[in-house]
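Computed from the coordinates by the stated procedures, all read-outs in this text should not be read as laboratory data. Nothing here was measured: the structure is a model prediction, and the numbers come from that model. Cβ placement follows ideal geometry from the backbone for every residue including glycine, while neighbour counts extend to all protein chains displayed.
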Amino acid sequence: MADYIIRDARVEDCGEILQMLKELQEFCNNWGPLKLDEHTLRRDGFGEHKFFDCAVAEEKKKEESGPALVGYLLYYWAYSTSAGRMMVVEDIYVRQSNRTKGTGSALWAYVTKVAMEKGCKRIQWIVHDWNTNAIKFYKKLGAVDMCIRNGWLVYNLDADAMISSLAMLTANKQ
Ligand SMILES: CC(C)(COP(=O)(O)OP(=O)(O)OC[C@H]1O[C@@H](n2cnc3c(N)ncnc32)[C@H](O)[C@@H]1OP(=O)(O)O)[C@@H](O)C(=O)NCCC(=O)NCCS
């Protein structure tokens with residue numbers, strides 16, 4: 001029987017979620033410095049204007065030494081003009097010593113139920129091409145690579161690029 005439970009994250013979990021987020025960043029060592037802190041997680045996950053939701057896997061034997069949380073899945077809501085309501089998975093992470101025991105699957109099942117209850121018609125996320133274990137995990141779910149199937153490319157503007165693009169877009173318009 002599983003020695004963890006899956007539940008919604010609580011505000012007091014933010015410190016440990018942040019710690020796991022750092023571990024995930026180390027795992028993906030090309031991410032650069034972590035820009036989030038516990039205050040930001042508390043505000044954006046549990047404040048007046050929520051930007052994300054999170055499920056966690058918690059060890060049942062909490063009093064023993066070692067961290068109580070063994071994994072998390074952080075997600076948020078979005079809207080697709082082709083599918084309607086959808087969930088975006090930002091991170092899934094299971095601590096090293098707990099991997100390949102079904103914890104990731106249990107987290108995924110938990111949030112899939114949440115997505116279905118909310119009427120979502122799609123769950124979407126991105127993954128690094130070198131992360132073969134995660135890709136195996138997603139393929140087992142039956143997930144489709146949209147870059148291959150539909151030729152998608154993933155773009156973003158970081159904070160500096162937002163400022164410079166806005167300056168460029170609004171130059172000479174006043
Ligand atoms: C990806 C991750 C969340 C999977 O969690 P997990 O608890 O280890 O996964 P599960 O035990 O539920 O595995 C489910 C299926 O995924 C596949 N899988 C998971 N880990 C695997 C591995 N190391 N090698 C091969 N297949 C693997 C298998 O098909 C497995 O099914 P099986 O047990 O019947 O073979 C976990 O490995 C992890 O946290 N990795 C580091 C962080 C990461 O890569 N996150 C994703 C970033 S996009």
*What is the helix-to-structure angle for 103-117, meaning the angle in degrees between its Cα long axis and the longest Cα principal axis of the chain, kept from 0 to 90 and rounded to the nearest 10?*
60 degrees
*GNM top mover of TRP77, TRP125, TRP152 - the chain, alpha-carbon springs below 10 Å*: TRP152
*How far is helix 132-141 tilted off the main Cα axis of the chain, in degrees rounded to 10, range 0 to 90?*
80 degrees
_Chain lengthening between SER105 and ARG122 when straightened (0.36 nm per residue, less Cα-Cα)_ = 4.4 nm
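Determine the calculated [θ] at 222 nm for the chain from helices alone, applying -39500 (n - 2.57) to every DSSP H run no shorter than 4 residues and normalising by the residue count; nearest 500 deg cm²/dmol.
Details: 6 runs with 65 residues, N = 174.
Computed ellipticity for the chain at 222 nm equals -11500 deg cm²/dmol.
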*Relative contact order of segment 4-144, pairs being alpha-carbon contacts under 8 Å that are 6 or more residues apart, as %*: 20 percent
*Starting from the Cα of LYS121, draw a straight line to each of the lysines and keep only those under 27 Å, dropping any in the same chain fewer than 8 residues away.*
LYS50, LYS113, LYS136, LYS139, LYS140
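I'm checking a number: the convex hull volume of the Cα atoms of segment 91-174, normalised per residue, in Å³. What is it?
On the way: hull volume 14.8 nm³, N = 84.
It comes to 176 Å³ per residue, whole-number rounded.
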*Identify, among CYS54, TYR93, THR132, the residue whose Cα sits farthest towards the positive end of the charge dipole of the chain, taking +1 on the Cβ of Lys and Arg and -1 on the Cβ of Asp and Glu, with the dipole about the Cα centre.*
THR132
*Could you quote the convex hull projected area for segment 4-144, Cα atoms only and averaged over all directions, in nm²?*
9.2 nm²
